1. Taking the conditions exactly as written (at pLDDT below 85, open to solvent by 30 Å² or more (accessible area, probe 1.4 Å), over 21 Å from Gln202 (Cβ atoms) and acidic (Asp, Glu)), does Glu40 satisfy them or not?
2. Of all strands (runs of 3 or more DSSP E) completely enclosed by the range 354-400, which ones contain at least 2 residues that are closer than 14 Å to Thr435 by Cβ and touching a residue at least 24 places away in the same chain (Cβ under 8 Å)?
3. So in the range 216-246, with the set limited to residues that are of a type in the set (A, V, I, L, M) and part of a strand (DSSP E or B), which one is modelled with the lowest pLDDT?
4. Taking the condition of being farther than 23 Å from Phe32 by Cα and not in a loop (DSSP other than H, G, I, E, B), how many residues in the range 157-181 meet it?
5. Among (1) at pLDDT 85 or above; (2) open to solvent by 40 Å² or more (accessible area, probe 1.4 Å), where does Leu276 come up short?
6. Please state which of the following conditions Ala79 fails to meet, knowing it meets all the rest: (1) buried (at least 20 other Cβ atoms within 10 Å of the Cβ); (2) in contact (Cβ under 8 Å) with a residue 40 or more places away in the chain; (3) small (Gly, Ala, Ser).
7. Identify the single condition in (1) surrounded by 17 or more Cβ atoms within 10 Å (Cβ to Cβ); (2) closer than 17 Å to Leu156 by Cα that Pro114 does not satisfy, given that it satisfies every other one.
8. Report yes if Pro74 is closer than 23 Å to Asn10 by Cα and not basic (Lys, Arg), otherwise no.
Amino acid sequence: MLWAALLLANPPSDEHRRIEALRWLSTWCLQFTPRVAVSEPLSAAPAVVMELEASVRLFGGKRKLVQRIKEESPDLGVAQLAWAPTGLAAVALARSGVSNGFGKPLDHVLDALPLESLTSVAEHHAVLARLGCQTLGQVRALPRGGLSRRFDGKLLAAIDQAYGLRSEVHNWVELPEAFDSKVDLMSRVDLAPALLFIARRQLLQMSAWLMARQCGVTAFTLKWHHDDMFAKTPGDGGGLTIRTAKPTRDIEHLTRLLAEHLAKVNLVAPVSGLQLLADEVHRFEDQNLSLLPDANQSGESMTLVLERVAARLGPDKVLRPVITEDHRPEWMCIWQPAADNRARALGRTVDITQPTVVLPSPLRLATRVHRPLYQGPLQLLIGPHRVEGGWWHRVEEGGVLTTLHVSRDYWIAVNAQVGLLWIFQTRLPGDAAETAWFLHGSFA
């Protein structure tokens, strides 16, 4: 069996904060294996243990799995990693500053460890020291009958479990239904961009939580709480919500978006705590269609690039065209913010020839004997094509509500001077007897 133990660098002295830190470290560990437990959370050196044997093949072997955990765990405050055939042995090695529990036989490795490496043994340190015991091997050499009569059953149980002589019993960590991470800062922060260092650790936890749930996030909120000394004047704190066009759990992309938004924030008071919440969580569909699970992808998708540029310039500065279900040419295509994740309609297939260029607003044409003129008389080639609609489209202009209803007959016209044009004929409002011609586009 392959067990890993992760020891926190500076566990908080407060019991509630220590358990909270261990809980979110456990959430990060759940991306590697479904079997994660907290070892002795009330002790001075708590640790998180993972049973990784069943996950080795999924991560490309032991070396790759160990290397990935080594690279990612320091960002979560992990000071020491250890690997051993049992969970309690891995914890004992981590507390003693030893990483590898597979280099020698397990009993040889554990026999040299001090009494403080196991909590159940360290509780009787004074008595064991008077008996001349300084290591676990010396304690294990004592007569078992005498140990069981003089000490409680936890001491022998801990030793047997660490050496693999007795099965271990753990309270396995269950994945929380919602992500809500709170962190108390060790020192007050005056500048918003400086919050990114701690917020990235929370983003790592959220990304691991999303990966374990096979989900992605389209909106998350970072809240900050001001120091109690300054809370009366500026308020309790502030926050910002960041949205993405598609569900994602890419830590680098989320960090860049958060950095762009924090660069525009001015804190009204020093910050003493952060809170990160996953607001909108959706099922994540992996776009990798390769037979191999780790297909190489070069570059970034257009969606990620547009979201990052919009975060820097503002959502109203980066727009994308969206095809809509509308027969009126002016509203067949609308522009909306690039990061907007609203559903995009797919316009109907038009069975008539469409112009290359459409004018922003139709240009009224002169007429002669009810025939349109544009640098000379126009000859009607193809048409008419009736477009009528917009009775539902109401806008307010100058306090007056108007309807953008149109009724037009479109034609393709031509003359020797301008080539092919797209024109339409309509009746003017208030005069049913008069018709008017308008130029709406041209063909290249």
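1. So Glu40 fits the description; yes.
2. Of the strands (runs of 3 or more DSSP E) lying wholly inside the range 354-400, those with at least 2 residues that are closer than 14 Å to Thr435 by Cβ and touching a residue at least 24 places away in the same chain (Cβ under 8 Å) span 357-368, 379-389.
3. Result: Ala245.
4. 5
5. (2)
6. (1)
7. (1) is the only condition that Pro114 fails.
8. Against the criterion (closer than 23 Å to Asn10 by Cα and not basic (Lys, Arg)), Pro74 qualifies.
The values are calculated or read from the model by the stated rules, or taken from the named source; none is laboratory data. Every value quoted in this text rests on a predicted model; they were computed, and no experiment measured them. Backbone-built Cβ (ideal geometry, glycine too); neighbour counts: all protein chains shown. Ligands, DNA and RNA are stripped out before the accessible areas are found, and what is left, the full protein with its side chains, is counted by its heavy atoms. Shrake-Rupley method; radii C 1.70, N 1.55, O 1.52, S 1.80 Å.
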